[in-house]
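All remarks here apply to the structure that follows.
The values are calculated or read from the model by the stated rules, or taken from the named source; none is laboratory data. Please read all numbers here as calculations on a predicted model, not as lab measurements. Please note: Cβ atoms are built from the backbone with ideal geometry, for glycine as well, and neighbour counts cover all protein chains shown. What goes into the accessible areas is simple: the full protein's heavy atoms, side chains included, and nothing from ligands, DNA or RNA. Shrake-Rupley method; radii C 1.70, N 1.55, O 1.52, S 1.80 Å.
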Amino acid sequence: MAETNAYGVLQFQQKIRGAVRPNLFQVTHKFPSSVDDSTENADKAMFLCKSAALPASTVGTVELPFRGRVIKVPGDRTFESWTATFYMDDAFELRGAYEKWVELTNSVDANTASASMADVLQDITVTQMDKFNGSASQFKDIRQYKLVKGFPVSVSQVSLAYDNNDSFEEFDVEFAYQYFETNIGSNTMKRVGTA
């Protein structure tokens with residue numbers, strides 16, 4: 001009879017170590033210069049981002065029929081839209097900044113962009129942090145994703161109701177971007193999929 005290895009919680013702990021906590025993250029990006037108080041709003045976005053996600057990418061599949069069988073080969077790579085949720089500040093400044101950013105890409109009346117694409121397209125960085133950095137008061141960045149040349153495609157509605165007590169307003173912003181780069185254990189950002 002073949003000998004089986006006994007695995008216990010200590011072996012599991014050695015492999016997972018401290019694990020990664022989903023609430024230790026940070027989202028940063030700049031606003032186009034045409035947005036009022038763009039630097040201040042970028043700071044607000046970093047603090048008021050309630051939730052986000054590490055980006056996903058998908059490789060399509062091309063099916064090649066051959067004599068009654070189908071061979072699957074990799075197709076084009078796509079990057080889905082990315083969404084973040086923000087708390088509403090009491091002056092509506094952050095939501096207003098995102099609405100202005102959308103307006104810069106395509107104005108309601110003229111149906112034209114009112115800012116250059118170089119200004120409208122901004123990189124967005126999502127940073128996963130770790131609790132331990134040798135000091136109880138500091139965090140360590142363990143992984144960064146840079147969403148290259150992103151822009152908002154929608155700012156969500158905010159539900160209002162008389163019976164909605166003990167909560168704060170939130171809104172979602174959905175972004176499109178070209179692709180993402182990541183730092184793989186170093187400070188150098190690399191295009192995803194490259195060595």
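Could you work out the helix-only [θ] at 222 nm for the chain, with each DSSP H run of four or more residues adding -39,500 (n - 2.57) and the total divided by the number of residues, to the nearest 500 deg cm²/dmol?
Result for the chain, helices only: -5000 deg cm²/dmol.
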Counting only pairs 8 or more residues apart or on different chains, how many lysine pairs in the chain have their Cα atoms under 22 Å apart?
22
How many Å² of accessible area per residue for the chain, probe 1.4 Å?
69 Å²
Based on the mean of other beta carbon atoms within 10 Å per residue, what is the order of 63-69, 143-149, most packed first?
143-149, 63-69
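Quick check for me: using +1 on Lys/Arg Cβ and -1 on Asp/Glu Cβ, what's the dipole size of segment 64-111 about its Cα centre, in debye to the nearest 20?
So the magnitude is around 860 debye.
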Amide hydrogen neighbours beyond the local backbone of residue 142, cut-off 5 Å, H modeled
128, 129, 130
Dipole of the chain, Cα-centred, from +1 at each Lys and Arg C-beta and -1 at each Asp and Glu C-beta, to the nearest 20 debye?
1520 debye
Positive end of the charge dipole of the chain (Lys, Arg +1 and Asp, Glu -1 on Cβ, about the Cα centre): tell me which of 144, 162, 176 has its Cα farthest that way.
144
Can you tell me which of 41-48, 107-114, 55-62, 122-129 comes out highest on packing, and rank the rest after it, using the mean Cβ neighbours within 10 Å?
122-129, 41-48, 55-62, 107-114
Using R₀ = 45 Å, calculate the FRET efficiency as 1/(1 + (r/R₀)^6) where r is the Cβ-Cβ separation of residue 87 and residue 63; round to 0.05.
0.50
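If r is the Cβ-Cβ distance from residue 117 to residue 158 and R0 is 22 Å, what FRET efficiency results, to the nearest 0.05?
0.15
Tally up the carbon and sulfur contribution to the accessible surface of the chain as a whole percent, 1.4 Å probe, everything protein left in place.
Details: 6880 of 13540 Å².
On the chain, the fraction of accessible area on carbon and sulfur atoms equals 51 percent.
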Using +1 at the Cβ of each Lys and Arg and -1 at the Cβ of each Asp and Glu in the chain, identify which of 11, 97, 75 lies farthest towards the dipole's positive end.
11
For volume of the Cα convex hull per residue in Å³, which listed value, (1) 300; (2) 223; (3) 123, comes from the coordinates shown?
(1)
In terms of the charge dipole of the chain, which places +1 on Lys and Arg and -1 on Asp and Glu at the beta carbon, the residue among 20, 64, 53 farthest towards the positive end is 64
Burial ranking of peptide ranges 20-28, 79-87, 97-105 (average Cβ count within 10 Å, highest at the top):
97-105, 79-87, 20-28
Taking the Cβ-Cβ separation of residue 139 and residue 110 as r and a Förster radius of 35 Å, what is the calculated FRET efficiency to the nearest 0.05?
0.20
With a/c under 1.5 counting as rounded, go ahead and sort segment 1-78 into rounded, prolate or oblate using the C-alpha gyration tensor (a ≥ b ≥ c being the square roots of the eigenvalues; past the cut-off, prolate if a/b is larger than b/c, else oblate).
oblate
